[in-house]
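Quick notes on the structure that follows.
The values are calculated or read from the model by the stated rules, or taken from the named source; none is laboratory data. Not measured: the values here are computed from a predicted model. Neighbour counts run over all protein chains shown; Cβ positions are idealised from the backbone, glycine included. Quick note on the areas: whole protein, heavy atoms, side chains included, nothing else; ligands and nucleic acids left out. Shrake-Rupley method; radii C 1.70, N 1.55, O 1.52, S 1.80 Å.
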Amino acid sequence: MGVCDSELADSWALYQRLREQTPLVQCITNYVAMNMTANVLLATGASPAMVHSEAESGEFAALASALSINMGTPSPHWAAGMRTAIAGARGAGVPWVLDPVAHAATAYRRGLVAELLALQPAAIRGNASEIMALAEAGARGHGVDTRHESQDALAAANDLLAHAEGIAISGRVDRLLGRSTTDTDPITISLAGGSAWQPRVTGTGCALGALIAAYLAVADTPLDAMVAAHAHAAAAAEQAERTAHGPGSFAVAWLDALDSVDLAGFLSDRLAPG
Amino acid sequence: MGVCDSELADSWALYQRLREQTPLVQCITNYVAMNMTANVLLATGASPAMVHSEAESGEFAALASALSINMGTPSPHWAAGMRTAIAGARGAGVPWVLDPVAHAATAYRRGLVAELLALQPAAIRGNASEIMALAEAGARGHGVDTRHESQDALAAANDLLAHAEGIAISGRVDRLLGRSTTDTDPITISLAGGSAWQPRVTGTGCALGALIAAYLAVADTPLDAMVAAHAHAAAAAEQAERTAHGPGSFAVAWLDALDSVDLAGFLSDRLAPG
Amino acid sequence: MGVCDSELADSWALYQRLREQTPLVQCITNYVAMNMTANVLLATGASPAMVHSEAESGEFAALASALSINMGTPSPHWAAGMRTAIAGARGAGVPWVLDPVAHAATAYRRGLVAELLALQPAAIRGNASEIMALAEAGARGHGVDTRHESQDALAAANDLLAHAEGIAISGRVDRLLGRSTTDTDPITISLAGGSAWQPRVTGTGCALGALIAAYLAVADTPLDAMVAAHAHAAAAAEQAERTAHGPGSFAVAWLDALDSVDLAGFLSDRLAPG
């Protein structure tokens, strides 16, 4: 059984485990994606908890199964809540995911993302442009355009493995970098699939960051969690596309499909070496 | 006509009155449930107003028909807005509902809920675990697990009648405690129904708190309002389940059904003594 | 070709241009409508960015194609972000839209709207009651009821042309006031259409303000942008109504229809002199 067959088998097992364990996933995410993120977690079988305030986010993180931090609509109050939550998670050994939405767009975001990057996320998820800009953040610190394909960001993602155990570049082909076991070199899993409607519905990408967190709670490695989360989302997106008539009905059908996903069928012919 | 026949007749009349009067319901609720809550109120015939800031929440509450306070994503700024709104409501004789989401989870929430509990809500709505923890809040002040059935919380709900005129334990069977008239002992109405999809869609429970507030604006007693709100939600959920294929399509169908609900049909065979 | 034929031709051309250029629309909007607003912009072909914090809203606004300010759930922190964003937009020549939701309801809102009104929005969008109250804001400064028809607000809208180049009164018949070219007198375009479900779904009006901003980025005049936005929304609403069974399925079908709208068909028989 090769590397990718192994990851495939893991995704199927992780999906079963997620449904059984219903991990509690704390999310500090943007206002736009909050409802979708909670519904995606519920549909996949996890238990969402949106707990953001500095007054309680650290205490709660220590009790959570995993933590997802998304900086889509940041502000100083929310950044304080993120820092407190991450400290609580790290103190309790709870893994956390960083989704650095549009982190290169403003000076404020560039400062915030540099700070969060230093706090050892288990996994980082972004689109190709975000991953490329993040690898350059220390050196250049400015925005890049958003039309890159995931393979353009492979070198950048490799560099970012200095900051996180797993790097997910979401796109038409997802590229997922990390180690299969702690004593081997990093590998890249490429996962083609999903639907062109996904980027036309707000929050589908942000929910994926939270879904990685949910799978982190039941996986042995961040790589396994990222593969399972992207496979689950992409398989459901393909199912949803069959009945969708536009972005509105796609979003509805995607939530339905996340619940009743045929993940085994999807996995059987999609995973291939990156 | 027995007690429960009377409540039944009231629910049908209240539903008609809600559609005619379109009460203005001020909601200070969590970020996740805000959109669903507004849509549920609009679908049922009420007029939602999300007004949360301390700068205006008290002035507005005095003009509202009812106020709904949900502490799902609390923070100090929002808590200040809640206090101001409740003071405005109380000063003007406007009834308010407390939905103490996950109030036992952190020290911050435990402090906040103790404070709000002392401000005389007309009704309190929660799941069994929340109601049980709330009754114990003064004495023990910590979390309990969330897998209780509503009947496990009946004793706790009875104790909470010292703090509010009506207590709603939402669940597979809803248990609604309060007085039919001011000079009688409290009774419990049990209402079986609804759909297993409800807890799989975020905000369906939180919207129920706001729906109680809407019915408070047109009801004689909190008990009547709680029965009507739960019956309306459950009847619509059963209608929605017939066409739903998962949590996404259930949410859509539920909003449709809240608008075109066959409440009379639902009520005719469901209300029974608790 | 008369005035209205000219506006009609412009709307069709603007729709094509919007799809090609995918303008970046910064939105500072209320919590309730944020998700719907982002999805409406994505469905119509624009690119939404919810960037609200004072820490970055001004820097971002200078990079945006247009800015939409909606005061549905205002607070001092968000008002600070609005001011900063508007200053950034004005400094960079980026047009902005004001949607003064319920601005007459409280003293806090009345103060805020007076301040924003002085900052030269390109367009103002509201329902008839909001537009009427806004014209009177300097003199009387209190609320009015919300049951006016758009034609009741024509005189008020005309007065408001002292503050903005375009005034949109959304309603069963939309009334859109502004200049076809800079050296002509203001005209009023009346646009009948849409669906009675629109006011039954939260955020449909607020999203219209953001859609005007998207069209401002590709239009020659605010009048053209307002006509195109209202025509696009109304055409999609009529398509959606054909398959909707209630407010939930209407919202889904509306998003689908915004993407695949038959705008040419709608325009061919609807525009008429106001």
Handout entry: Probe 1.4 Å, all protein chains present, accessible-area order of B:THR73, A:THR22, largest first
Key = A:THR22, B:THR73
Exercise for the section: Compare A:ASP174, A:ASP185 by solvent-accessible area with a 1.4 Å probe and give them largest first, with all protein chains kept in place. Expected result: A:ASP185, A:ASP174
Practice task
For segment C:188-274, run through the trypsin sites (Lys or Arg not before Pro) and keep only the ones in DSSP coil with at most 13 other Cβ atoms within 10 Å of their Cβ.
Solution key: C:ARG242
Practice task
Whenever you get a sec, line up A:GLU20, C:GLU130 from highest to lowest accessible area (probe 1.4 Å, protein heavy atoms).
Solution key: A:GLU20, C:GLU130
Fill in the blank from the handout: Copies of B:GLU136 compared via label points 7 Å along Cα→Cβ give distances in nm, shortest first, of 5.6, 5.6
Completion exercise
Computed Rg/Rh for segment A:169-242 (Cα atoms; Rh = Kirkwood radius) stands at 0.99
Practice task
Determine the calculated [θ] at 222 nm for chain A from helices alone, applying -39500 (n - 2.57) to every DSSP H run no shorter than 4 residues and normalising by the residue count; nearest 500 deg cm²/dmol.
Solution key: -15000 deg cm²/dmol
Problem - Three principal axis lengths of the protein assembly as shown [C-alpha, angstrom, descending] - result: 75, 74, 42
Practice task
First obtain the Kirkwood hydrodynamic radius of segment B:132-274 from its Cα pairs, then insert it into the Stokes-Einstein equation at 20 °C and 1.002 mPa s, and state the resulting D in µm² per second as a whole number.
Solution key: 136 µm²/s
Practice task
May I ask you to derive the relative contact order of chain B, considering only C-alpha pairs under 8 Å and at least 6 residues apart, and to give it as an integer percent?
Solution key: 20 percent
Exercise for the section: Give the accessible area for A:GLU238 in Å² (nearest 10); use a 1.4 Å probe, count only protein heavy atoms, and leave out ligands, DNA and RNA. Expected result: 30 Å²
Completion exercise
homo-copy label distances at A:VAL173 (7 angstrom along Cα-Cβ), nm, one dp, ascending, are 5.8, 5.8
Completion exercise
Magnitude of the Cβ-charge dipole (Lys and Arg +1, Asp and Glu -1) of the protein assembly as shown about the Cα centre, nearest 20 debye, reported as 780 debye
Practice task
Quick one: pull the percentage of alpha-carbon pairs in chain C with a separation above 23 Å.
Solution key: 46 percent
Practice task
State, as an integer percentage, the relative contact order of segment A:164-274 based on alpha-carbon contacts under 8 Å between residues 6 or more apart.
Solution key: 28 percent
Fill in the blank from the handout: Inter-copy distances for B:GLY91, label 7 Å out on the Cα-Cβ vector, sorted ascending, nm, one decimal, are 4.0, 4.0
Problem - Gain in span if fully extended, B:GLN21 to B:ARG242, counting 0.36 nm per residue against the direct Cα distance - result: 76.5 nm
Problem - Percent of C-alpha pairs per 5 Å bin, segment B:65-214, short to long - result: 2, 10, 20, 24, 22, 14, 7, 2, 0
Practice task
Calculate how large, on average over all directions, the projected area of the Cα convex hull of segment C:1-127 is; give the answer in nm² to one decimal.
Solution key: 8.5 nm²
Problem - Dipole moment magnitude, nearest 20 debye, chain B about Cα centre, only Lys, Arg, Asp, Glu C-beta charged - result: 560 debye
Problem - Spin-label pair B:ILE187/C:VAL173, simplified geometry with 7 Å Cα→Cβ offset, distance in nm - result: 5.3 nm
Handout entry: Approximate spin-label separation C:ARG147-C:ALA114, in nm, with each point projected 7 Å along Cα-to-Cβ
Key = 3.0 nm
Practice task
Express in whole angstrom the spacing between the alpha-carbon centres of segment A:219-252 and segment A:36-88.
Solution key: 22 Å
Handout entry: Alpha-carbon radius of gyration plus Dmax, which is the widest Cα pair, for segment B:216-260 in Å
Key = 12.4, 39
